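Everything on this sheet refers to the single structure shown next.
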């Protein structure tokens, strides 16, 4: 786990330069929702957002993407955090862009449309620190709160807000492939192809040995 106040904001992964601006990782998040793109297209598009030059070692590159996107979390921490997430998605960078923009501007005086650079980890720390008075925080609460946990007097109002600010089907799809899942599928595919190639090589070597023995 990376501690922001101690370890600072990383600009590289294993010595490989990163495009650390928040816009790049928002693009990665949006890429994971693309319905018309396959796994390979999503991998390449995501890596192009993070690396000025994609490393030759794709497995290592995907590890770096998962690490940077999750802000330095280990695979175990990522799994644990996803298990604790509410069943309903709280926000969408696409659908909630205006709410996020206005919250940053009113709270921090940061214009997300014109700021030259804002590190992804810094952006997310500020996002999580937005006060409850901002509309985006209230909307996230309305979307995720269990109506069974609120009083009857509040229930009708919150139910109306849930419907008013409901994420559309594309943005609320919890079954979409996350960055971490994309990383794991890519590593599994690479490992499978390596195993197949190794088996083919061993079979070829065995045939060559048989041919030599038969001479």
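The values are calculated or read from the model by the stated rules, or taken from the named source; none is laboratory data. All figures in this text were calculated on a predicted structure; none of them were measured in a lab. Note: ideal-geometry Cβ built from the backbone for every residue, glycine included; neighbour counts use all protein chains shown.
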Qualifying residue in the range 95-118 (condition: closer than 15 Å to residue 25 by Cα, surrounded by 13 or more Cβ atoms within 10 Å (Cβ to Cβ) and touching a strand residue (DSSP E or B) at 6+ places or on another chain (Cβ under 9 Å)): yes
Criterion (part of a helix (DSSP H, G or I) and either closer than 20 Å to residue 23 by Cβ or at pLDDT below 95 (or both)) met by exactly one of 117, 93, 127: 127
Verdict on residue 83 being modelled with pLDDT under 90 and farther than 27 Å from residue 14 by Cα: yes
Out of 26, 78, sole residue that is closer than 21 Å to residue 92 by Cβ, in contact (Cβ under 8 Å) with a residue 60 or more places away in the chain, touching a helix residue (DSSP H, G or I) at 6+ places or on another chain (Cβ under 8 Å) and assigned to a helix (DSSP H, G or I): 78
Verdict on residue 78 being under 24 Å from residue 140 (Cα atoms), under 12 Å from the mean Cα position of the chain (by Cα) and modelled with pLDDT of 80 or more: no
Subset of the range 10-23 that is in contact with a strand residue (DSSP E or B) (Cβ under 9 Å, 6 or more places away or on another chain) and not in a helix (DSSP H, G or I) - its residue that is surrounded by the fewest Cβ atoms within 10 Å (Cβ to Cβ): 11
Scope the range 139-168; condition outside any helix (DSSP H, G or I), surrounded by 13 or more Cβ atoms within 10 Å (Cβ to Cβ) and without any contact (Cβ under 8 Å) to a residue 60 or more places away in the chain; matching residues: 145, 150, 165, 166
Enumeration of residues in the range 40-66 that are under 15 Å from residue 27 (Cα atoms) and in contact with a helix residue (DSSP H, G or I) (Cβ under 8 Å, 6 or more places away or on another chain): 42, 43, 45, 46, 47, 49, 50, 51, 65, 66
Condition met for residue 6 (part of a helix (DSSP H, G or I) and surrounded by 15 or more Cβ atoms within 10 Å (Cβ to Cβ)): no
Residue that is surrounded by the most Cβ atoms within 10 Å (Cβ to Cβ) [pool: residues in the range 24-62 that are touching a strand residue (DSSP E or B) at 6+ places or on another chain (Cβ under 9 Å) and within 24 Å of residue 118 (Cβ to Cβ)]: 50
